[in-house]
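Since the structure comes first, as structure tokens, the remarks are kept for the end.
No lab work stands behind these numbers, since they all come straight from the coordinates. Model, not experiment: these values are computed from the prediction. Glycine gets a Cβ as well: all are built from the backbone with ideal geometry, and neighbour counts include every protein chain shown.
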Amino acid sequence: MSAHVTSFLAGSGLTLFGFFLGMVILRSMYRDIQLWQAARISQRWVATTGHVLTSKTVVDTRLRKPIIEYIYRVNDVSYTGNRLMFDIDGLYIWREAEALIDRYAPRKPVTVYYDPDNPQQSTLEQSHRGIASSLLLKAFLLCLPTASSLCLGLFALADATGLVK
């Protein structure tokens, strides 16, 4: 295989890798922004009193994911929910998870915020967690390999096609 064909194939592969990595990152960043916007919109939701039904943690390596299910009523209709807050993955270090489990113990009364236009949409906390740091991490650490792959791939393609001498 000639050097030009090898450069062309390598350039094409790097360019495609960079493009798809960039698309994955942009999709993930879009999801983060949607969560942040949802948390802001929830500030206008209506509060009601509910009760915690179950409260437990699921272990994921060294991190814990609190699973809190609650019940609340709107206009004599009962709804159940499980959103704690608007966060990316719901994973916490052990102490944070235990504090949340203690705060939202079963049978404990809680304030539930719900969307008046869609009462089955609810949350216990009207905040977001981890979104700013996630966006920064993705922007700085993950976009760098994407940009590098795209640039290296385009340079290799230019070299293979004879545009650069």
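Per-structure values
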read-out: Interchain or long-range residues, amide H under 5 Å from Ser127's placed H; value: Phe86
read-out: Whole-Hz couplings from phi, Karplus 6.51/-1.76/1.60, listed for the stretch 63-74; x for Gly and Pro; value: 9, 10, 10, x, 10, 10, 10, 9, 10, 8, 10, 9
read-out: Amide H contacts of Ile67 (H built 1.01 Å from N, under 5 Å, at least 5 apart or other chain); value: Lys56, Thr57, Val58
read-out: FRET E, pair Arg27, Asn118, Förster distance 35 Å, beta-carbon r, rounded to 0.05; value: 0.90
read-out: Using a Förster distance of 25 Å, the FRET efficiency for Asn82-Gln34 (Cβ separation, nearest 0.05); value: 0.85
read-out: For the stretch 46-125, alpha-carbon Rg over 2.2 N^0.38 Å; value: 1.10
read-out: Order of Val24, Val59 under a 10 Å beta carbon neighbour criterion, fewest first; value: Val59, Val24
read-out: Per-residue Cβ neighbour rank within 10 angstrom, fewest leading, Trp45, Trp36; value: Trp36, Trp45
